[in-house]
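> Sending over a structure as structure tokens; questions will come in a sec.
Just so it is clear, none of the values below were taken in a lab; they were calculated from the coordinates. Just so you know, these numbers come straight off a predicted model, no measurement behind them. Counting neighbours? That spans all protein chains shown, and the Cβs are built from the backbone with ideal geometry, glycine included.
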Amino acid sequence: MKRLLIISGIIVGVLLLVIIAVPLFINVDSFRPDLEKKLSAALNRQVHIGKLDASLLSGGASASDITIADDPAFNKDPFLKAASVKVGVQLMPLIFSKQLKVTSLTIQKPDITLLKNAAGKWNYSTLGATAQTQKTQPEPSGKAPDVSVDKFEIAGGTVRVGHSSGHSAGKESVYQNVNLVAHNISATSAMPFTLSAGMPGGGTLNLEGQAGPLNPADSAKSPLDAKITLKHADLAATGFVDPSSGVGGILDFDGQVKSDGRKLHSEGNAKASDLRVIKGGQPAKQPVALDYKSDYALDSDTGTINANLHTGNSLTNASGTLSAKGEDTLANLKIVGKNMAVNDVEGLLPAFGVVLPSGASLQGGSINMDLNATGPLDRLVIDGPLKIEGTHLSGYNLGSKLGAIAAFTGNKSGTDTLIQTFSSALRVAPEGIKADNIVLDVPSLGIVTGNGVISGDNSLDFKMLVKLSGTANNLLGSLTGASASAQSKGLPFLITGKTSNPVFRPAIGGAVAGDLQNSLLQAVQGNKGNKTDGQQQKPNLQDALGGLLGKKKKPQQ
């Protein structure tokens, strides 16, 4: 036993001596030109590696730096650069045959730039393509060299995602702490991988699956099967949403993506909180859940999508086509919501720039909509009819805001307004909301019609007309009985201010004339047939309408 231990000690000592002495006799850096040539040919990009030093105690070698050139059509700066690279090698071939056989490649803290051009192509598409760079000679067979690595790793990387403009990088979004581990790297087989990254603005991204074999013509079309998990990502900071669009929120997502290189299928579930849809919108008061399925043709850059949006117990469906032939992904969707509960939707109104007055809320009722959505995904223009039925505007008496109108209609004091129906043709765009053909049926007030806009800063600009309700027991009943034309024309007014504090003003002009003018003046001023000093008093229409809408008269001089 003692002799065995001595022999074992001698063997270990000799091996240690060999490991220590080998770097003195083997110039590992002599393999660098061949390694650069093989990597350049395999990647179809010029690769530069700094001086190689043996580090056999760790089972390999290390380089001081590495750079991988970008596709010159996208960017003159490197696609990848790093200050440190570790290369794992097989010891026996290196020691006894002086052959460098790479088993692993670890790039420490690289800086990687991913760019998309105006045609919708990415700069990594030509990685590994069979077309060789001018500085690299092609293989006789015309195929990329069969370079394989057991393990490839990126540790603590930074990835910049942006657009290419004039062969240079444009505005970028930065992903920090990117870590990638891939196994069995080869141009001819599928490669298992895991990837994690810190999202811009917070949150994390994780992918796990397999990619490959590599498409020799376009690496972006290589087969892929992966699970994607996104946690607490700031939607506006991801780089895939135009910051000027106003779209934002915190996103959680779990999904699956699978591609055979020609067609890509993806599906998953997402949850968005603090959602904002338009410029000037405020965070929604309740979260939104989404499930979807999408099929996409990589050759034509077109596809279809079917998504269900859940808010409370209500459901909205969106389906249609997608196209990503340019810098933006364009959508043409149909959005349908049937018998949605108003209470389920109310919390989303701030995301569209609609903030109810302080203390006001919508209670009960249903919403139906049949809308179209077109344009870039992050700047959709949504238009079509919307109808609300049987809801109460709680904490806000619309009639009382119109001053003396409440008295005409017999409107009782209170804090609620029953909205029998509301319908309008809406257009929701990043710059705001436009509402045409508004018809609002408020039993305590009458029928309100008109149109207007809510701008990006929540400002209101509406031109409205109210046809007052009346009965035989109130003053308006007698007026309308005496003048049918007055009843038919209605009373015009404007709504300005903000959605959170609307201001109602009379609309003075040619729209109010004839019998309606005379009837309103007589009712408000109480001067029917009255004369002062033998002369008939001249009607003051502005003062009369000001009284109707709660506006004080100017004192007479």
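> What does the charge count around Ser314 come to, taking other residues whose C-beta lies under 12 Å from its C-beta (Lys +1, Arg +1, Asp -1, Glu -1)?
-1
> From the Cα gyration tensor of the range 227-379, with a ≥ b ≥ c the square roots of its eigenvalues, which class applies: rounded if a/c is under 1.5, or else prolate if a/b is larger than b/c, or else oblate?
Details: a/c = 1.87, a/b = 1.65, b/c = 1.14.
It comes out prolate by the Cα gyration axes.
> With contacts defined as alpha carbon pairs under 8 Å and 6 or more residues apart, what's the relative contact order of the range 256-392 in percent? All intermediate terms of the calculation are to be shown ahead of the outcome.
Numbers: 327 pairs, mean separation 26.0, N = 137.
Taking the mean separation of contacting Cα pairs over the length of the range 256-392, I get 19 percent.
> If you don't mind, there's one more thing I want to ask. Describe numerically, in nm with one decimal, the distance between label points set 7 Å from Cα along Cα→Cβ at Asn372 and at Ser273.
3.7
> Of Lys221/Lys279; Lys263/Lys334; Lys38/Lys151, which sit over 28 Å apart, Cα to Cα?
Lys221/Lys279
> What is the calculated FRET efficiency for Thr103 to Lys51, with r their C-beta to C-beta distance and R₀ = 22 Å, to the nearest 0.05? Working shown, then result.
Details: r = 20 Å, r/R0 = 0.93.
It comes out at approximately 0.60.
> Can you spot the aspartates and glutamates whose alpha carbon is less than 14 Å from Lys231's alpha carbon? Ignore those fewer than 8 places along the same chain.
Correct list for Lys231: Asp252, Asp254.
> Still on this structure: With a 10 Å Cβ neighbour count serving as the proxy for reagent exposure, in which order, fewest first, do Val466, Val241 appear?
Working: Val466 24, Val241 20.
Final ranking by Cβ density, sparse to dense: Val241, Val466.
> Next question. Near Ala297, within a Cβ-to-Cβ distance under 12 Å, what is the net charge of the other residues, with Lys and Arg +1 and Asp and Glu -1? Please list the in-between numbers first.
Values: positive: Lys221, Arg262, Lys263, Lys325; negative: Asp260, Asp295, Asp299, Asp301.
That sum, taken over residues with Cβ under 12 Å, equals 0.
> Summing +1 for each Lys or Arg and -1 for each Asp or Glu, what net charge is found among the other residues whose Cβ lies under 14 Å from the Cβ of Lys51?
Details: positive: Arg32, Lys86; negative: Asp29, Glu36, Asp53, Asp65.
Net charge around Lys51: -2.
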